[in-house]
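Take a look at the structure below.
FYI, it's all coordinate maths here, none of it is from the lab. Remember, it's a predicted structure, so these values are computed and weren't measured experimentally. Virtual Cβ from ideal backbone geometry, glycine too; neighbours counted across all protein chains shown.
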């Protein structure tokens with residue numbers, strides 16, 4: 001049994017940084033919000049769990065030494081940047097198509113939403129796995145919360161704490177934005193919201209292609 005007390009200050013700083021980064025508006029959060037208000041709570045939660053799975057995947061890979069692999073094979077990040085940008089452009093295209101649909105066709109039947117939960121989960125997973133900035137965020141977080149020579153228990157505690165915070169944040173957005181008043185507000189301004197989403201995803205894809213990671 002190890003003593004966690006000496007590592008608590010660093011863990012608290014890292015957890016705070018993770019919470020701020022997770023709750024900040026980005027492709028994942030905005031996708032959860034629009035999915036929740038347009039298709040309901042189950043759809044939003046499915047996408048949120050996909051995002052969380054992607055986050056957990058990067059966390060485990062980073063803790064296992066992914067940063068060293070990135071330094072050795074830096075060109076792989078370029079490929080990931082291109083893939084991530086293409087995925088964001090694809091999301092922008094879908095959002096634009098949704099904005100152009102008539103109000104009647106935009107209302108998705110509950111049964112259809114139920115059968116598409118797997119696709120929504122994979123969509124959330126894809127958003128996070130194709131975002132190379134998530135890798136570097138986890139490298140930063142791991143360096144904050146896991147000092148050199150720390151026991152394996154510190155790693156497990158750090159990642160476990162992040163996953164609890166991520167679950168609360170992602171699912172919290174899905175639950176709040178699936179409430180009936182929010183859904184009604186969405187229906188009144190659906191075209192504007194979907195158009196803004198299309199613009200945001202396109203802008204995010206462009207920034208990802210042109211940014212230096």
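Things worth noting here:
- Counted by neighbouring Cβ atoms within 10 Å, the residues 36, 116 run from fewest to most as 116, 36.
- Estimated inter-spin distance, residue 206 and residue 90, nm [label 7 Å along Cα→Cβ]: 2.2 nm
- Once the Cα-Cα distance is subtracted from the 0.36 nm per residue extended length, the residue 116 to residue 57 segment shows a gain of 19.0 nm.
- Point-to-point label distance, residue 195-residue 79, nm (Cα→Cβ direction, 7 Å offset): 4.0 nm
- Cα gyration tensor, segment 161-213 - rounded (a/c under 1.5), prolate or oblate: oblate
- Added length on full extension, which subtracts the Cα-Cα distance from 0.36 nm per residue, residue 136 to residue 152: 3.6 nm
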